[in-house]
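Encoded as structure tokens, the structure appears first; notes follow it.
What follows draws every value from the coordinates through simple rules; no lab data is involved. These numbers were taken from a predicted model, which means no experiment stands behind them. Here Cβ is always computed from backbone atoms with ideal geometry, including for glycine, and neighbour counts include all displayed protein chains.
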Amino acid sequence: MHIAIAGNIGAGKTTLAGLLASHYGWEALKEMPDENPYLADFYEDMPRWAFQVQVHFLTSRFDQLIQISQAKHPVIQDRTIYEDAFVFAKNLHDSEIMSTQDYQTYHRLFDIIMRLVRPPDLLIFLDAGLPKLTLQVKKRGRLYEQSVDITYLATLQKHYQNWIRSYQESPMLYIDVNELDFLNRPEDFQMIVEKINHYLSL
Ligand SMILES: Nc1ncnc2c1ncn2[C@@H]1O[C@H](COP(=O)(O)OP(=O)(O)OP(=O)(O)O)[C@@H](O)[C@H]1O
């Protein structure tokens, strides 16, 4: 079984994936941004590194999906391949940061990968407003994310809204996390667990 968590930078995907993995005994397959050797350079100079950073994320996500398809146990994935293509890469192209030629090359690769992989069994979408996202990104203080400002988060947010509106690949559980604190309030976490149980008929 493959559960995936989607949401903008700072939405709380990693925290929730860890909590759900412990609760259900699932394996948490974490996104490892620090392993993308282009990420810090990308944040410094997006036009120069946009293509490289996207190809690297796409490669890692493809690798994760192959691992998931071979896993004998349930796996929870923190961010999906759809977000790479339909949020991050699309945003870079629409903002004229990535050239059309690079974007088409990227998309050819993405389309080929999509012929080989399966969608998750359940997608959990964490929706947080810009104030919450900004606060969370600031709070964790990752050095390479210092240039992540409200403008960048807002542009990504717009792409997230468009993508999730048309998402049909699997059942989708939408969670507004603005008023939730699933890390510190057990009742908030329990509410999410009940919704997941319902979707997965557990
Ligand atoms: N396809 C992509 N293109 C550009 N940047 C990406 C891409 N995928 C991830 N990133 C970047 O990698 C870093 C880590 O991702 P992010 O912070 O969203 O994950 P996270 O820490 O799991 O999020 P959350 O706060 O919801 O747990 C972020 O700076 C994010 O912008």
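Within the option set 127, 121, being in contact (Cβ under 8 Å) with a residue 60 or more places away in the chain and touching a Leu at 6+ places or on another chain (Cβ under 8 Å) holds for one residue only, 121.
Of the residues making up the range 110-126, those that are in a helix (DSSP H, G or I), more than 12 Å from the ligand (Cβ to nearest atom) and surrounded by 16 or more Cβ atoms within 10 Å (Cβ to Cβ) number 2. Once the range 53-73 is narrowed to residues that are over 18 Å from the mean Cα position of the chain (by Cα) and in contact (Cβ under 8 Å) with a residue 12 or more places away in the chain, the residue that is nearest to residue 200 (Cα to Cα) is 73.
I need the full set of residues from the range 127-160 which are small (Gly, Ala, Ser), over 18 Å from the mean Cα position of the chain (by Cα) and within 11 Å of the ligand (Cβ to nearest atom), in order please.
Selection gives 147 alone.
How about the range 171-189: which of its residues are polar (S, T, N, Q) and without any contact (Cβ under 8 Å) to a residue 24 or more places away in the chain? Hit for the range 171-189 is 184, nothing else.
Is it fair to say residue 80 is touching a Phe, Trp or Tyr at 6+ places or on another chain (Cβ under 9 Å), within 28 Å of residue 194 (Cα to Cα) and not aliphatic (A, V, I, L, M)?
Against the criterion (touching a Phe, Trp or Tyr at 6+ places or on another chain (Cβ under 9 Å), within 28 Å of residue 194 (Cα to Cα) and not aliphatic (A, V, I, L, M)), residue 80 does not qualify.
Of the residues making up the range 74-111, those that are touching a residue at least 60 places away in the same chain (Cβ under 8 Å), more than 22 Å from residue 155 (Cβ to Cβ) and among the aliphatic types (A, V, I, L, M) are 75, 76. The criterion of at least 1 residues that are basic (Lys, Arg) and more than 8 Å from the ligand (Cβ to nearest atom) is met by the following helices (runs of 4 or more DSSP H) wholly inside the range 1-104: 46-70, 90-94. Sub-9 Å Cβ pairs linking a first residue in the range 152-170 that is more than 22 Å from residue 199 (Cα to Cα) to a second residue that is of a type in the set (Ser, Thr, Tyr) and surrounded by 13 or more Cβ atoms within 10 Å (Cβ to Cβ), at least 6 apart or interchain, are 153/134; 155/95, ordered by first then second residue.
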